[in-house]
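Undergrad: Here it is, the structure in full.
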Amino acid sequence: MMRFVLNDDGRRAIARTNLTTGASQAWPLPDYWWAGDMMMRNGKLVLTRRHSLDPGETAGLYEFDPATGQLTQILALPGAYLLLLGAAEQ
């Protein structure tokens, strides 16, 4: 199971938990990142980015690879979170 977590110290992370063994692993997200909308696609997690305080980051779809911990923008698109909401309804 993959989920977004907020640590006690305010750091955000994506966490994976094996529901059979209870083992878990977490990967930190960049500062000011909110990953409230996500879905799995081809073994990778697709996250939306609505707004950033960092001018180097834009709204859109980002792919998170649990195998490497890398976060990569795959599409710059304002309102990208609406795509995941539509995909979840199908």
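The values are calculated or read from the model by the stated rules, or taken from the named source; none is laboratory data. Bear in mind the structure is a predicted one, so any value in this text is a computation, not a measurement. Cβ placement follows ideal geometry from the backbone for every residue including glycine, while neighbour counts extend to all protein chains displayed.
Undergrad: Could you tell me which residue of segment 7-18 is modelled with the lowest pLDDT, considering only residues that are surrounded by 11 or more Cβ atoms within 10 Å (Cβ to Cβ) and more than 18 Å from Asp65 (Cβ to Cβ)?
TA: Looking at residues that are surrounded by 11 or more Cβ atoms within 10 Å (Cβ to Cβ) and more than 18 Å from Asp65 (Cβ to Cβ), I get Asn7.
Undergrad: Sticking with this structure for a sec: Working only within segment 44-89, note down all residues that are assigned to a loop (DSSP other than H, G, I, E, B) and either among the acidic types (Asp, Glu) or at pLDDT 75 or above (or both).
TA: The answer is Asp54, Glu57, Thr58, Ala59, Pro66, Ala67, Thr68, Gly69, Leu77, Pro78, Gly79, Ala80.
Undergrad: In segment 31-43, what count of residues is obtained for those that are surrounded by 11 or more Cβ atoms within 10 Å (Cβ to Cβ) and either of a type in the set (Lys, Arg) or at pLDDT below 70 (or both)?
TA: Final tally of qualifying residues: 6.
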